[in-house]
Amino acid sequence: DVLLLPSYYASFSYYCILSTMKSVCFLLSLCLASPASAYTTPKPNKPTTISHRRAFLSKIAGATIAATSAVTLNPSSASAADDNLQNVYWGAGCYWHVQHEFILAERSILGRKDNELTSLTGYAGGFKTDSEGRVCYHNFKSIADYGKFGHGEVVGMTIPESKVEDFAVEYFKLFGDKGERADPMDKGGEYRSLLGLPGGSKHPAFAQVEAAGKARGMTLVDGKGNDPDTLGKRLVYVYDSNKFPFYQAEFYHQYHNDFLTPAYGKEYNNLAEAALDDGRIKITGCPDRV
């Protein structure tokens, strides 16, 4: 049962700062939504501005509208001229800070503008979805829980095949000199280190990806699906993204500040609303909270 106590409102931010698990903040944020509308279907009226969209989404937390299953990331028209665009994903613990690093990489490596960014948080590496094709973050109603379905947290993006090696170099930098993810306090298969390429280890650029990993003391092995944690093993699972597709995470988890670093700033956070407005972020049908 969900308890909604008014006294929790004032302490919500303090509780989030102290927490080492983002699930606490996410679940509390669902509590702070109107209990009568926490799991309701949105009204058909269409918001006309981003500020209206925020208000609209605040009322439909946990909407059970039809969800897209495996998400195909859509680059902007400005990026469409790039060579052989491919959907890939990378995971190394909590996806909040991973998304931030790959947003920086899209800008520096590809020169993408804000409306061309494709990096989104999501889930991959498991076998299952629910009957509606959903994969969701932990929630009070246990709807399509990604952990129970064997998925890990990842950041998916659309990049040119010729740049996969460059993005792999950025990915392995996330493990530092010790070959460990930045948030070892988060444990379990949900936080395992994994990456997904079309064809997996048979991808044309896999040799370069593997070399980037070895340069950081990391070993790459084929993922079988629903794999265990990699904590302390200097290990990364490699998945065929055609067999183990990317499932976009909830709006709440996009362009989110991370507990490990100072806040990324409103300019960064507001990229989520812009991406929602132009269709790069989809409403998943999972319990959500803006």
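FYI, it's all coordinate maths here, none of it is from the lab. The model shown is predicted, which means the values in this text are computed figures rather than measured ones. Positions of Cβ are generated from backbone atoms using ideal geometry, with glycine treated the same way; all protein chains shown enter the neighbour counts.
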**Message:** Could you give the length gained by full extension between residue 266 and residue 207, i.e. 0.36 nm per residue of separation minus their alpha carbon distance, to one decimal place?
**Reply:** 17.4 nm
**Request:** State the extension gain, in nm to one decimal, for the chain segment bounded by residue 222 and residue 140, taking 0.36 nm per residue of separation less the distance between their alpha-carbons.
**Result:** 26.2 nm
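Just order 185-195, 100-110 by mean Cβ neighbour count inside 10 Å, highest at the front, would you?
Highest-to-lowest ranking by the protection proxy: 185-195, 100-110.
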**Asked** What does the charge add up to near residue 130, with Lys and Arg as +1, Asp and Glu as -1, over the other residues with Cβ less than 13 Å from its Cβ?
**Response** +2
**Message:** How charged is the neighbourhood of residue 284? Take every other residue with its Cβ under 13 Å from the Cβ of residue 284, and add Lys/Arg as +1 and Asp/Glu as -1.
**Reply:** -1
**Message:** Could you give each residue of segment 92-103 its phi-based ³J(HN,Hα) in whole Hz, using Karplus coefficients 6.51, -1.76, 1.60 with θ = phi - 60°, and x for Gly or Pro?
**Reply:** 7, x, 4, 7, 4, 6, 5, 4, 4, 5, 7, 5
